[in-house]
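The values are calculated or read from the model by the stated rules, or taken from the named source; none is laboratory data. If you're wondering where the values come from, they're calculated on a predicted model, not measured in any experiment. Because the Cβ atoms are built from the backbone with ideal geometry, glycine has one as well, and the counts that use them run over all protein chains shown.
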Amino acid sequence: MFKDRVYRLKTDDHNVPKLRELLEFCNDVREWLNSDSENVVAMHCKGGKGRTGTAICTWLLACEKFRVAKESLEYFGKRRTDLTVGKTFQGVETPSQSRFVGYMEKIIYDLNWIVPEDIPRKISQIIIEGIKSVGNGNGSDLRFQIITDGKVTLERAVNDKLGQMEDVNDELDKITITLEEKSPVIAGETKIIFFSSNKNVPVGYDKCAFYFWFHTGFVQDDSFLLTRNELDNPHKKKTWKTFRFNFSVELKFSQ
């Protein structure tokens, strides 16, 4: 197809590509466009919005049309949204995808096109705030996976009967999941995904309650906080009866 002039950026629906592969993609696009002034590039995925938008917004940064990720994302969204059909925003709206476009801004303009090292980290605690309105209200309906390098390195229920009971603070409306020795070493692109057994919890992308991606090379401190609008699925307004304004997930890392 297309005389084999195809670059496949492997990415699951509603998820993110690896940063190094995004860089390779940009280099491939640049080489193709520079080889002939008549050359063009077409990008697509299943819906032409999230994954396609992530790639296009990254290229707009790479070719210096924009130097700020937010501006690139806004531009793509405006061009992608046909107001004659409807007012629903048709740009990149999954927080993790937007986060990775932000990473690419830093890589291109601050780090001289070098992806940060896949710094090894161990998660000591996961703190979920705003838990009262989520499922059973105490985390007992939740289970989660930690995925790094494409592999599930940990899967367990929040209330793991084999480990200590988790600390539920009703007054502060939060739950603290302590991992300690059970925590795997993570490095590079990492995904944490939560599932709920409670039917009242909305199921969104990835057939789960909520999830998020990050890269350990961009974690500067011993903690990493994501608010509701920075989490995949809770960012959608239709879920806000469950995920209230104070809903957040914070990761604590051991030394």
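Considering K191, K132, K199, the condition of being buried (at least 18 other Cβ atoms within 10 Å of the Cβ), modelled with pLDDT of 95 or more, of a type in the set (D, E, K, R) and not in a helix (DSSP H, G or I) is satisfied by K191 alone.
Among the candidates F224, F212, F245, single out the residue that is surrounded by fewer than 20 Cβ atoms within 10 Å (Cβ to Cβ), at pLDDT 95 or above, of a type in the set (F, W, Y) and under 29 Å from L111 (Cβ atoms). Break it down stepwise before answering.
Values: F212 fails: surrounded by fewer than 20 Cβ atoms within 10 Å (Cβ to Cβ); F245 fails: under 29 Å from L111 (Cβ atoms).
Result: F224 is the single residue among F224, F212, F245 that is surrounded by fewer than 20 Cβ atoms within 10 Å (Cβ to Cβ), at pLDDT 95 or above, of a type in the set (F, W, Y) and under 29 Å from L111 (Cβ atoms).
Considering every residue within segment 159-169, establish whether at least one is assigned to a strand (DSSP E or B), modelled with pLDDT of 95 or more and touching a strand residue (DSSP E or B) at 6+ places or on another chain (Cβ under 7 Å). No, there is no match, as no residue in segment 159-169 is assigned to a strand (DSSP E or B), modelled with pLDDT of 95 or more and touching a strand residue (DSSP E or B) at 6+ places or on another chain (Cβ under 7 Å). Only one of the numbered conditions (1) within 25 Å of W213 (Cα to Cα); (2) modelled with pLDDT of 90 or more; (3) out of contact with any Leu (no Cβ under 8 Å at 6 or more places or on another chain); (4) not charged (D, E, K, R) is not met by T11, and that is (2). Note on segment 215-255: residues that are without any contact (Cβ under 8 Å) to a residue 60 or more places away in the chain, in a strand (DSSP E or B) and within 19 Å of N138 (Cα to Cα) total 1.
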